[in-house]
Amino acid sequence: MSSSFKIFSRYFFSFLILLFFYRILFHYSISEKILTKEFYFYLRAYLTGLRFDISVSFGLLLIPFVLSKINYLNQFKLYKIFWNVLAILGFAILLQLSVGDIIYFENANKHIGYEGFAFLGKDLFVLYFSAITEKPILVILGFFLFGFYIKKVFSYVQKNFQNDSWNKKNTIEFIIIIFVMLIGIRGGIQTSAIRPSFAIISDDAMLNAIAINPVFTTIFELQKENLDKSKILRIEESVFLLKESIDYKEAEFINPAFPILRKSISRKEIFNEKPNIVIVLLESWSAKFINSKIENKTITPNFNILITEGIYFNKFFATGGRTSNGLLSSLTGIPDRNGQSVLHFQESNSKLGSIAKILYPHSYSSIFMTGSDLNFENIKPHIEKWGFQKIIDEKIIAKENKYQKGIWGYDDSVGLPIFLDELDKINSPFVATYLTISTHHPYKVPEKKFEIFDNKTKDYEYLNTLYYADFAIGEFINEAKKKKFFENTIFFFLSDHTHHRFLNPYEDRNIPFLIYSPKKIKPIINSKIGTQLDLIPTILHFIGKDVEFSAMGKNLFSEGKNFSYFCFGNIAGFIEDENFHFVNLYSNDPPISFGFTEPFEDKKICVADLECKKKERKMLSYLNASKILMEKNLIYPY
């Protein structure tokens, strides 16, 4: 056997051992979420996991191995260091993503994908801090293991590597190794290469998650943006089905060149003058904890009072799972795409009818504010492009040098009063948006008095930040009531997404949505199904003017049944008739269907139901139409 074969065999098995221990720790971290008890399925999950581990290990080692066989260059010490560093870099990627994934999955209910690269930059240090505070032993062990690994590897290579002659034996060995590696990378000799759907070995999604590793999901999401052919619709069909789904009698389609461009129809005005619109996007608020108690403690006492004075939609759902998804859906009425957010692609340069842009012709001023840095995920250029005239974030607030920063920027009890002062200065009518930050992971409150739960309570860190954020909202509304603009203002409170952690499938999509204007709107609990895509049409219901808009939603006060769409990662779906329907966009499998309550098991509604298949195509129309119309810049003309 050649020396390079011996060296890379050690690399290979060290990669497999690392991923095996990752799988054990990951299994332990999600064990209470797994419903399946049969040992057979656990064995299958680990054996299937080995297949994924072999794929990523060979994938990371293929290029360094080939480089190690170039004898002429191996006479240079720096060259040998180079291909060794490439192999060690593979180990570093495995280690970092494995540690990060255990923490990330706990908070997102999914493996790391493109997010592994989305946080690169200064925010990486925030995540390291979060990891160290949440799993200090795991992180320290990871750093120690990496240092030990580097030392051992360089020592072994220095002692054992030698240039192997290209004789017949070594040439055959090289060809066989490359062949085996390529077969391993594709996951075997089956017809199609290995993909995430190969991890589906049971009806238990949490058990299936054990089989796959974060390196595979990251690489797959970065390279895989194409839909399975069964999920692709022609533009004509997409537009037809979409228009049929979002049509309602208080709006009309007005321009065939821009298929979803509509005009809201004037109606009797609720307000004597154009109302101010304030949108408060609640970072990671999960509806599960609204109007509820844990250990006899009320988590959102202030928000609960606001619900009794406004219109609260208790069956409202997030269209995505990240802030970028929520911003796009809520402020433009266009859903985000599968995989990476469209905000990271050139299609984001398409013209969109944001709430600021569509109300500008009606003399509305606009402002967007948050206490965090809008350069995170490069959000700021999009807010600017969406037509917000004034934008305030962490960097602007910091110039005043007055306030104490939290971990993600200026906490809600700091930022919201500044926002209120800005509303006092802006010309009416105005449309204003505030994105809260204090309920963002890693869940740190600014003062001890908000720590009403300790580590004996499940999810206590999040619950404490939610209690604090609720306090900040309460103070904000109490102060807003003293302002002249208050009586002519409608507040729209909704979340960008849930906090994901320890939530069942229904809870993981269900977010709060409250419309608040106590002098003008009668309070009621509304159980109509809706999503963030419905925000703009619903706002226009209160404005009562002819406004041109291009949102892929409906007025929640219009007659008829709403069909609600969502998409996150490789999953898309629709909500209708008290049922969720989930579709894997990268396979031709039928939708998985379950209700709003336990047990969350596949009802197999869509296996042979033609009506359900029609609804699936209607759901796919949102995905296909939004993608194609953005690519062609045919969403909004202005």
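The values are calculated or read from the model by the stated rules, or taken from the named source; none is laboratory data. Values in this document were obtained by computation on a predicted structure and should not be read as measured data. Every residue, glycine as well, gets a Cβ built from its backbone with ideal geometry; the counts of neighbours run over all protein chains shown. When the accessible area is computed, the model is the full protein with side chains, heavy atoms only, and any ligands, DNA or RNA have been set aside. Shrake-Rupley method; radii C 1.70, N 1.55, O 1.52, S 1.80 Å.
Quick one: grab the alpha carbon gyration tensor of segment 288-368, order the square roots of its eigenvalues as a ≥ b ≥ c, and give me rounded if a/c is under 1.5, else prolate or oblate depending on whether a/b is larger than b/c.
Since a/c reaches 1.5 but b/c is at least a/b, the shape of segment 288-368 is classed as oblate.
If the cut-off is 18 Å between C-alpha atoms, which lysines fall inside it for K69, apart from same-chain ones fewer than 8 positions away?
Within the straight-line limit of under 18 Å, K69 reaches these lysines: K6, K77, K80, K159, K168, K169.
Give the calculated FRET efficiency between D228 and L35 to the nearest 0.05, with a Förster radius of 25 Å applied to their Cβ-Cβ distance.
About 0.35, to the nearest 0.05.
Could you derive backbone 3J(HN,Hα) for segment 352-363 from the dihedral phi with the Karplus parameters 6.51, -1.76 and 1.60 (θ = phi - 60°), listing whole Hz in sequence and x where the residue is Gly or Pro?
Once θ is set to phi - 60°, the couplings for segment 352-363 become 10, x, 5, 4, 5, 6, 6, 8, 4, x, 9, 6 Hz.
Could you rank the peptides 181-188, 597-604 by their average count of other C-beta atoms within 10 Å per residue, with the highest value first?
With the highest mean Cβ count within 10 Å placed first, the list reads 181-188, 597-604.
Taking 0.36 nm per intervening residue step and subtracting the Cα-Cα distance, what contour gain separates T191 from E273 on full extension?
Net length gain for the segment: 23.0 nm.
Would you mind getting the accessible area per residue of segment 269-358, heavy atoms of the protein chains only, 1.4 Å probe, in Å²?
28
Suppose all protein chains stay in the model; what accessible area per residue would a 1.4 Å probe give for segment 404-449, in Å²?
Per residue, segment 404-449 has 40 Å² of solvent-accessible surface.
Could you order peptides 372-378, 576-582, 318-324 by the average number of other Cβ atoms within 10 Å of their residues, highest first?
So the peptides 372-378, 576-582, 318-324, ranked by packing, come out 318-324, 372-378, 576-582.
Among rounded, prolate and oblate, which fits segment 11-107 when a ≥ b ≥ c are the square roots of the eigenvalues of its C-alpha gyration tensor, a/c under 1.5 means rounded, and a/b larger than b/c means prolate?
It is prolate, given that a/c is not under 1.5 and a/b is the larger ratio.
Mind pulling up the Rg/Rh value for segment 520-615? Radius of gyration and Kirkwood radius, both on Cα.
Dividing the radius of gyration by the Kirkwood radius yields 1.05.
By how many nm would the segment from D589 to L25 grow when fully extended, if each residue of separation counts as 0.36 nm and the alpha-carbon distance is taken off?
Working it through step by step, the gained length comes to 200.0 nm.
Pairs K395/K482; K458/K528; K274/K483: which exceed 20 Å Cα-Cα?
From the list (K395/K482; K458/K528; K274/K483), the Cα-Cα distance tops 20 Å for K395/K482; K458/K528.
Ranked from highest to lowest mean number of other Cβ atoms within 10 Å per residue, what is the order of the peptides 303-316, 499-512, 473-486?
Listed from highest to lowest mean packing, they are 499-512, 303-316, 473-486.
For the chain, what is the calculated [θ] at 222 nm in deg cm²/dmol (nearest 500), taking -39500 (n - 2.57) for each run of four or more DSSP H residues and dividing by its residue count?
That comes out to -14000 deg cm²/dmol.
What FRET efficiency, computed as 1/(1 + (r/R0)^6) with R0 = 25 Å and r the Cβ-Cβ distance, is obtained for E601 and S292, rounded to the nearest 0.05?
0.50
T457: net charge of surrounding residues, Cβ under 10 Å, Lys/Arg +1, Asp/Glu -1, itself excluded?
Around T457, the charge tally is -1.
Residues of segment 30-61 with the amide nitrogen closer than 11 Å to a label point 7 Å from the Cα of N455, along Cα-to-Cβ, please.
none
Output the DSSP H helices from the chain with an along-axis C-alpha extent of no less than 24 Å and a mean Kyte-Doolittle hydropathy no less than 0.5.
For the chain, where a helix must reach 24 Å along its axis and average at least 0.5, the hits are 3-30, 39-68, 77-108, 136-160, 168-185.
Give the accessible surface of segment 453-536 per residue, rounded to a whole number of Å², with probe radius 1.4 Å and ligands, DNA and RNA excluded.
35
Using a probe of 1.4 angstrom, how much of the accessible area of the chain is carbon and sulfur, in percent?
Answer for the chain is 59 percent, counting heavy atoms of protein chains only.
Lone cysteines in the chain, going by a 4.7 Å Cβ-Cβ cut-off?
So far as the 4.7 Å Cβ criterion goes, C567 stand without a partner in the chain.
Relative contact order for segment 395-553 using alpha-carbon pairs under 8 Å, separation at least 6, rounded to a whole percent?
16
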